[in-house]
1. To the nearest 20 Debye, how big is the dipole of the range 1-83 about its Cα centre, given +1 on the beta carbon of each Lys and Arg and -1 on that of each Asp and Glu?
2. Under the rule that an exposed site lies in a DSSP loop and has at most 16 other Cβ atoms within 10 Å, name the longest stretch of the chain with no GluC sites (Glu not before Pro) of that kind, not counting the sites themselves.
3. Carbon and sulfur together cover what percent of the accessible area of the range 70-229 at a 1.4 Å probe radius?
4. Between the DSSP loop rule and a limit of at most 15 other Cβ atoms within 10 Å, which trypsin sites (Lys or Arg not before Pro) in the range 162-220 are left?
5. Round to the nearest 10 and give me the degree value, 0 to 90, for the angle of helix 465-475's Cα axis relative to the longest principal axis of the chain.
6. Would you please classify the overall shape of the range 216-360 from the alpha carbon gyration tensor, given that a ≥ b ≥ c denote the square roots of the eigenvalues, rounded means a/c under 1.5, and beyond that prolate means a/b larger than b/c while oblate covers the rest?
7. Take every Cα pair under 8 Å in the chain that's 6+ residues apart, average their separations, divide by the length, and report that relative contact order as a whole percent.
8. With charges set only on the Cβ (+1 for Lys and Arg, -1 for Asp and Glu), what does the dipole of the chain come to about its Cα centre, in debye to the nearest 20?
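The values are calculated or read from the model by the stated rules, or taken from the named source; none is laboratory data. Model, not experiment: these values are computed from the prediction. Note: ideal-geometry Cβ built from the backbone for every residue, glycine included; neighbour counts use all protein chains shown. SASA here: full protein model, heavy atoms, side chains in, ligands and nucleic acids out. Shrake-Rupley method; radii C 1.70, N 1.55, O 1.52, S 1.80 Å.
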Amino acid sequence: MLLLVGLVLAASLLVALGASRTGVPALVAFLGLGMLLGSDGPGGITFDDAELARNVGVVGLAAILFEGGLATSWRRLREVAAPAAALSTLGVVLTMLVVGVAAKPLFGLTWLQAFLLGAVVSSTDAAAVFSTLRFTQIRRRVARTLEAETGVNDPMAIALTLGLIDWIEHRDASLPDFLLVVVRQLGLGLAVGVLLGGLATWTFARLPHRIGAFAAVASVAAAALAYGAADLLGGSGFLAVYLVGLAVGSTPSRYRRQLVAFHEGLAFLAQVALFIVLGLLVFPTHLPDVAVPSVALAAVLVFAARPISVWVTTAFAGFTGAERALLGWAGLRGAVPIVLGTFVLSSTVARGETIFDAVFFVVVISVLIQGTTLERIARRLGVVSESSAKVAPPLEIGADGALELVEFGVAPDHAIAGSAVRELGLPRSALVAVISRQGDSIPPRGSTIVEPGDRLFVLVPQNDRAVLEDVYSRWRQRI
C-alpha cells in the first residue's frame, strides 16, 4: 500500500509539472490521473465506494479551507464582507434556482432532484479560486471578494444539499423542515467557528517557545476540533474550520510563517488525494450518456446563473460594471461540487449517478473555460493592478559589505498589503530597514501597516539572500 501511495504521489508531481507547462488546470490534470488509474483506464484500480470518497473529500476540503483562512487576514477582508456575504448566501440560492430550472427538462429530473443538482454546483471552489488568484493580477477588492466568497459559500451549498437530500429521502418533510436544516447548519457552524476561533487566537498568541515545534500539531488540532465539534452539533464544520483558520491567520504570532508553510503543503497534498480519489470514482464509459445535457447545463451555469446571481447581489456594492462582469466570470467550480456529488451518490436519492456524472462534466468545463481565461478577460475588462514604478533606495550599503539592502515593491493585490510589519514572517537575521511611501522614508515599527505602493528595503546578510527570496515569493502571492 505504501509503495502504491508513493507511486501515485510521484505521478502527481509529474502531472503537476506537465500541467504547469501546458496551462492545463491542476484540478483537471489530477482528475484525469485518477480516471487513468481507475477500472476503465490502464491502471485497472476498481473503486466505487462513494462513502469512502465522501469521507476523503470532507477531510481534504477541511484542510483546504483551513489553509485558505490561515493565509488570509480579517483586516484584508473587512472591506468586502458585505458583498461577499451576499454572494455566499443569496447568490448561492439564486444559482441553485436558475440551474435547477434548466436541469429539470435537460435530464428529466423531478423538481426536487433538479434543485438538488443546482445546489450541488452552486458554490465556487476554494482550491480552484485560491490557486488561481495567487497567480493573477486582478484588482485587490475584486480578488478579496472572490476569496471571502469562496470561503463562506461552501457551507451554504452544503447546507442546501443536505437539506434537499433530507427532503427527498423523507417524503413527509416540508419546506419549513428544509429551511430549519439550512439555518441550523449555518448558525451552529458560525457559533462554533467564532468560539473556537477566539480560543485558538488566545492559545497561539501565548504558545511557549519551548514547544514551538508543536505549533503545527496545535493548528491541526484546532482544525479537527472545529470541524468535529460543529458537525457533532449538527452545524457546518466547513464554516467553522474556515473561521478558525481565519482567526489563527489574523493573530500576530511568531509561528505564523511556520504554520502557513506547513498548511500550504498539507493543502496541496489534500488536493492531490481528493482529486485522484474523485477521479477514480468517475467511470468514463458512463459519461457519454450525459455529455450533451451536461454541456448545456454548464453553459447555463457559466453564462446565466452565475452572472445573474452576481448582478443581483452586488447591485449596491460599489463595483463598476467591468468588475461585476469579472465577478460573474470568476465563479470557478471544482472539488466542492464533486464532493457534494458524492453526498448524493452515497444517499438513497434516485438518479444519484446521473447527478454525479453531470456535476463532473460541469466542473471540468468550468475549470477549463473560466480558470484558463480569467486573467486574460480581466485585462480586457481593465480590472488588473499594475506594478509600481521603481524608486531609488533611501539607504545605501557598501558593495563589499556582509549585508545587502534588498528592495520589494508592494502591489495592491500582494499578500502582504494590509499586514503589519510584525506579521511579515522575515527570517530572524533580516529586518525592514525603511519603508518608502510616496517619496517619504518611514522608519518601520512592528505595528506599521504595509500599504499598496510601498517600497520595502530589507537589510539581510548576504548568506541569507536565498531565504529572503523565498519569503518574497510568499509576499507576491495574489490575494
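1. 500
2. 1-385
3. Within the range 70-229, the accessible surface is 71 percent carbon and sulfur.
4. Arg171, Arg206
5. That works out to roughly 40 degrees.
6. Taking the square roots of the gyration eigenvalues as a ≥ b ≥ c, the range 216-360 is oblate.
7. Once normalised by length, the contact order is 22 percent.
8. 1120
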